[in-house]
1. What does the extension gain come out to for residue 265 and residue 93, with contour length at 0.36 nm per residue minus their alpha carbon separation?
2. If you take every DSSP beta bridge whose two residues both sit in the chain, what share of them, in percent to the nearest 5, is antiparallel?
3. Taking every pair of alpha-carbon atoms in region 10-129, give the share separated by more than 23 Å as a whole percent.
4. Could you provide, to the nearest whole Å², the per residue accessible area of the chain with probe 1.4 Å?
5. Report relative contact order for the chain in percent, whole number only (criteria: Cα-Cα under 8 Å, sequence separation at least 6).
6. How big is the dipole moment of region 10-129 about its Cα centre under a simple scheme where the beta carbon of each Lys and Arg is +1, that of each Asp and Glu is -1, and everything else is neutral? Debye, nearest 20, please.
7. Dipole magnitude of the chain about its Cα centre, charges +1 at Lys/Arg Cβ and -1 at Asp/Glu Cβ only, in debye to the nearest 20?
8. How far apart, in nm, are the 7 Å Cα→Cβ label points at residue 205 and residue 75?
Amino acid sequence: MKFLYSDDPIIACSTCTHAHAAMGVIRISGFKSLAQFAPFFEKDLTGPIEPRRVYYTKLVLQGQTIDDICLTYFQGPKSYNGENILELSVHGNTLNIERILELFVAHGGCRLANPGEFTYRALKNKKLTLSQVEGLDLFLNANTGYALDQGLSLLSGNLQEVYQELYDLFLKHKSSLELSIDFAEDIGEEAAHKYYTDSLEEFARKFQALVKRVRPMEHNLIQPEIVLAGLPNSGKSSLFNYLLSEERAIVSSIAGTTRDYLAETMVIEGVKYKLIDTAGIRESEDVIESEGIKRTKKKLKDSFFSILLVNPFEIIEGFDELVNNDFDLVLFTHEDLPGFQAARDAVVKMHPKLGPMGAIDLKSLPVTWEATLHALVNEKYLNTIDGKPILLDRHKQLILQTNQVLTNYQQVSRSETDVAILSQELNALGHCISELIGIVSPDQILNSIFSNFCIGK
Ligand SMILES: Nc1nc2c(ncn2[C@@H]2O[C@H](COP(=O)(O)OP(=O)(O)OP(=O)(O)O)[C@@H](O)[C@H]2O)c(=O)[nH]1
Ligand SMILES: [Mg+2]
């Protein structure tokens, strides 16, 4: 990452720079003394300036007023990223903002900040932990209310608390190994061994609680996917269009109309979901349709919430296999056709698990259908996260990786008595944990996190 080792004063507009707005906020970070900007303000910056107080003044260049602004000084380390920060609230015309940025670059010794650079400095100065930075990333890029809540939860350090406890237990175990090297004679070998095994067990127990949380979180909880699946002609595309209130997917009585999945954002009560219409599942000789069906099966496996649509008049081969999947909701379609009840009963007789879900006729869907669906999805979501912060992919992978190293270490600790070997294995575990917690952050991880940030954050 370009800016990893640089601490020059940086400047950026932290509000929108693509459209005119009433106001824009420009931030300058990492300068030594406010006095260096004295020539640009009517207010005397060489005199006493109270930190975190707003001053109304004029921005000037060579005697000419550029803008009427408000300035606030945040003196490091009591600032967002620990550095001295000057925040300017200026008029939000994009040309005005550009002109002010240029002024400080050309005459004020600043350079334009890279995306996320302010926050990177907060990480470097230990104002934020890595998981808090990830929370901020999630928060700022959130497309759903879920993501906003989760970003905020991470940002406020909830996950970090869990990690910190884990890290403390790891250090305790590490010290138990050191104790058995250096002081075994003083405290007795048996007592040293007990301390060693007890502390390992305590750490492993805490860690397993984290591993347990990874399992149910294999779905994307940041933008939950709702998938519509079923045999051809079961009415998936009809429901898809209905929920989107537009003729987005082609609907026809020809089986196999939808050949690849379609995804659209659906907003219910302010929350964005990804609604997915899929290809009807059947045996097909057609290469493209087969590929579409393969993708459908994958979507079905990966989706957060799955709905099976059943047209009881068109049950074909492959239905048994389809029904074996787990669905969150089953909808019977074609209820308006004569003989529906008998046809439905016959299907339920063959597949009793479909019975309790009831039948819903698309044409008579209640006005509150979306709200019902939302409530069901929301309920599942809340049960899944169980009030705990979501684990992002990086964390999930590292937790599973660390679990393997821990299992290996536990095995070695049972059979090995050579403290040097144990120490080496423990170091490997320590490295994994440090990475999880963010004490050690390889450049590629920082790169991938900060590449999502906008300029000015
Ligand atoms: N009478 C009646 N017709 C329906 C109902 N739902 C869908 N249809 C019709 O059934 C046919 C198939 O509907 P689609 O929505 O295209 O079915 P699909 O599941 O997307 O089918 P594929 O894309 O081939 O997998 C169309 O002619 C729809 O108009 C329903 O509840 N009642
Ligand atoms: Mg379709």
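The values are calculated or read from the model by the stated rules, or taken from the named source; none is laboratory data. Keep in mind that this is a model prediction, so the values were computed, not measured. Backbone-built Cβ (ideal geometry, glycine too); neighbour counts: all protein chains shown. What goes into the accessible areas is simple: the full protein's heavy atoms, side chains included, and nothing from ligands, DNA or RNA. Shrake-Rupley method; radii C 1.70, N 1.55, O 1.52, S 1.80 Å.
1. Values: separation 172, 0.36 × 172 = 61.92 nm, distance 3.22 nm.
In short, 58.7 nm is gained.
2. DSSP beta bridges in the chain are roughly 70 percent antiparallel.
3. Details: 1807 of 7140 pairs.
Roughly 25 percent, rounded to a whole number.
4. On the way: 23000 Å² over 457 residues.
On a per-residue basis, the chain sits at 50 Å².
5. Values: 703 pairs, mean separation 69.8, N = 457.
With pairs under 8 Å counted, the relative contact order is 15 percent.
6. 540 debye
7. My answer is approximately 960 debye.
8. That separation, rounded to one decimal, is 4.9 nm.
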